[in-house]
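Student: Input: one structure, supplied below.
The values are calculated or read from the model by the stated rules, or taken from the named source; none is laboratory data. Computed from a predicted structure; not experimentally measured. All Cβ positions, even for glycine, are placed from backbone atoms using ideal geometry, and neighbour counts span all protein chains on display. Calculation scope for accessible area: heavy atoms of the full protein, side chains included, ligands and nucleic acids excluded. Shrake-Rupley method; radii C 1.70, N 1.55, O 1.52, S 1.80 Å.
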Amino acid sequence: VQLQASGGGLVQAGGSLRLSCTASARSFSSQTIGWFRQAPGKEREFVAGITWRSAGYTYYADSVKGRFTISRDNAKNAVYLQMNSLKPEDTSVYYCAARGSTGVVTIARGYDYWGQGTLVTVSS
């Protein structure tokens, strides 16, 4: 599974961005997808995840709960991360990742495939 993350950019605090994660493989629809982020000098941290079913189970880190929404469109081999009320501390490179096993996990080593990352910068 090859993943491509896109949609990052520069936004002011309080603004919104939507990230997209697209995949090349048909098996994408059976993957659990997670979004992670990594700021300079920090460890990669879990942001949100969604299971493979179209109306999948979702799970969020406490830091983004109520502001970010993850969704998927299996017909388009795509997962989206809608980010609202962005804060400067959300500034990071955002990565999407896929795992073939069911269930969302919050640790990076639980995922088998990774996209290249997209930079989100939130100015104050």
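Student: Assuming 1.567 mPa s and 4 °C, estimate D for the chain with Stokes-Einstein, Rh taken as the Kirkwood radius over Cα pairs, in µm²/s.
Tutor: After rounding, the answer is 92 µm²/s.
Student: Please say if segment 1-64 is rounded, prolate or oblate, where rounded means a/c under 1.5 for a ≥ b ≥ c the square roots of the C-alpha gyration tensor eigenvalues, and otherwise the choice is prolate for a/b larger than b/c and oblate otherwise?
Tutor: Cα axes put segment 1-64 in the prolate bin.
Student: How would you classify segment 41-106 from its alpha-carbon gyration tensor, with a ≥ b ≥ c the square roots of the eigenvalues: rounded for a/c under 1.5, else prolate if a/b is greater than b/c, otherwise oblate?
Tutor: In terms of gyration-tensor shape, prolate.
Student: Here is a follow-up. With the other protein chains left in place, how much accessible area per residue, in square angstrom, belongs to segment 26-124 at a 1.4 angstrom probe?
Tutor: So segment 26-124 comes to 51 Å² accessible per residue, rounded to a whole number.
Student: For A108 paired with Q2, estimate the spin-label separation in nm (one decimal), with each label point 7 Å from Cα along the Cα-to-Cβ line.
Tutor: 2.3
Student: A further question follows. Which net charge results for the neighbourhood of V11, defined as the other residues with beta-carbon distances under 15 angstrom from its beta-carbon, given Lys and Arg at +1 and Asp and Glu at -1?
Tutor: Charge balance in the 15 Å sphere: +2.
Student: What percent do you get for the relative contact order of segment 1-119 when only Cα pairs under 8 Å and 6+ apart count?
Tutor: Contact order relative to length: 36 percent.
Student: Place a +1 charge on the Cβ of each Lys and Arg in segment 1-84 and a -1 charge on the Cβ of each Asp and Glu, then give the dipole magnitude about the Cα centre in debye, rounded to the nearest 20.
Tutor: It works out to roughly 120 debye.
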